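Novice: Take this structure first; my questions come after.
The values are calculated or read from the model by the stated rules, or taken from the named source; none is laboratory data. The structure presented is a predicted model; accordingly, all values stated were derived computationally and were not measured. A quick note on method: Cβ atoms are made from the backbone with ideal geometry, for glycine too, and the neighbour counts reach across all protein chains shown. Heavy atoms of the whole protein, side chains included, go into the accessibility calculation; ligands, DNA and RNA do not. Shrake-Rupley method; radii C 1.70, N 1.55, O 1.52, S 1.80 Å.
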Amino acid sequence: MAASVGLCTRRIFRVFYTNVYLSASAVWPGSVHGRAPHTTRSLSQEAGDRSTHFGFETVQEEEKAKRVYQVFENVAQKYDVMNDAMSLGVHRLWKDILLHAMNPQPGARLLDVAGGTGDIAFRFLEYIKSQEDKMRKREARSMQTPSWQDISTNYLNEQGEEPKESTAVVCDINKEMLKVGKQKADSMGIVSGLSWVAGDAEELPFGDDEFDIYTIAFGIRNVTHIEQALQEAHRVLKPGGRFMCLEFSKVSNPLLSTIYDTYSFQVIPVLGEVIAGDWKSYQYLVESIRKFPDQEDFKGMIEDAGFYCVSFHNLTGGIVALHSGFKL
């Protein structure tokens, strides 16, 4: 019965959103969102010139994929240290905000794409453990002076199936990043519920409707075809599943924007040279942020991929944005 109600609800939402978007499409013919369809490819690409950007450079698509791989292969060992240095530790707060907004419940299955060193997956498993601890404490308190309803509920739970284990799958195209993540997991003693998969965000090695939550933190701007990565995210999520993305974005405050640009271009590459011995990789990372779509444009791209109830929340004045959407 519950499944039938859920199916009907999803169908109602699909019909509602389809009718709304189709009625709005008169503004921009060919767009189901009532606006010009977003594209990251130029006319020259349609004519056969498959070029894209690598930071501020224009390169062939195949070359970008290879160069991005090389960047993260080079910085893998110092990646976490550099994250702390570049953000002054604030990246930890951004990731904590992501987890609290996600609020995963026991039994949830997470796919963290471009999650090489495991920061999101570790937080996810820790959050789930805290939720399970809270549930056990509530059950213990209720059983101290149980009512007949508590006894009945407890009996039914004992007769039912065992609760499903929460799992986190870290998927990253870069094997060096995965290697660092596995080493961190071993040092932290994290074994249960965690797996590591080498895979491309544009062609995920998973079946349809497999995951409850899809996350990608500071990784999607490095993907060659962002639209394809978003479509893959939609494909692997279960109906009702949630897409969540943390990414650097556009700062609206002029003063903060000036300070941020100066820090980004004058300080971060120097930190990269001093800490990781790699100026060029961090120069690319800074430039790639400026080439990424702003909050509204990226929101539109998420909607174009088929997600609903899409929203974003600016963090630290828009330096970072947390995007969210649901698959109905």
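Novice: Taking the mean number of other Cβ atoms within 10 Å as a proxy for protection, how do you rank 261-272, 311-322 from highest to lowest?
Specialist: The densest-packed peptide leads the list: 311-322, 261-272.
Novice: Can I ask one more? How do Arg123, Arg50 rank by accessible surface area computed with a 1.4 Å probe, from largest to smallest?
Specialist: Descending accessible area places them as Arg50, Arg123.
Novice: Mind giving me the FRET efficiency for Ser257 and Gln77? R0 is 35 Å, r the Cβ-Cβ distance, nearest 0.05 is fine.
Specialist: The computed FRET efficiency comes out at 0.60.
Novice: A further question follows. Among the aspartates and glutamates, which fall within straight-line cross-link reach of Lys291, defined as a Cα-Cα distance under 13 Å, with same-chain neighbours fewer than 8 residues apart omitted?
Specialist: Glu57, Glu247
Novice: To continue, here is another question. Residue by residue through region 202-216, which ³J(HN,Hα) values in whole Hz follow from phi under the Karplus form 6.51 cos²θ - 1.76 cosθ + 1.60 (θ = phi - 60°), with glycine and proline marked x?
Specialist: For region 202-216, the Karplus curve yields 7, 8, 5, x, 9, x, 6, 6, 9, 10, 7, 9, 10, 10, 8 Hz.
Novice: R0 = 25 Å: FRET efficiency of Leu271 with Ser311, Cβ-based, nearest 0.05?
Specialist: That gives a FRET efficiency of 0.15.
Novice: Straight-line reach from Lys184: which lysines have Cα under 27 Å away, leaving out those fewer than 8 places along the same chain?
Specialist: Lys66, Lys78, Lys95, Lys129, Lys134, Lys164, Lys175, Lys280
Novice: Suppose accessible area is computed on protein heavy atoms with a 1.4 Å probe; arrange Lys64, Lys280, Lys179, Lys137 from highest to lowest. Can you show the working numbers first?
Specialist: Working: Lys64 5, Lys280 170, Lys179 100, Lys137 130 Å².
Largest to smallest exposure gives the sequence Lys280, Lys137, Lys179, Lys64.
Novice: Which whole-angstrom value gives the distance between the alpha carbon centres of region 179-228 and region 237-271?
Specialist: Between the Cα centre of region 179-228 and that of region 237-271, the gap is 21 Å.
Novice: Under a crude label model (7 Å from the Cα following the beta-carbon direction), how far is Asp208 from Val90 in nanometres?
Specialist: A separation of 4.2 nm, rounded to one decimal place.
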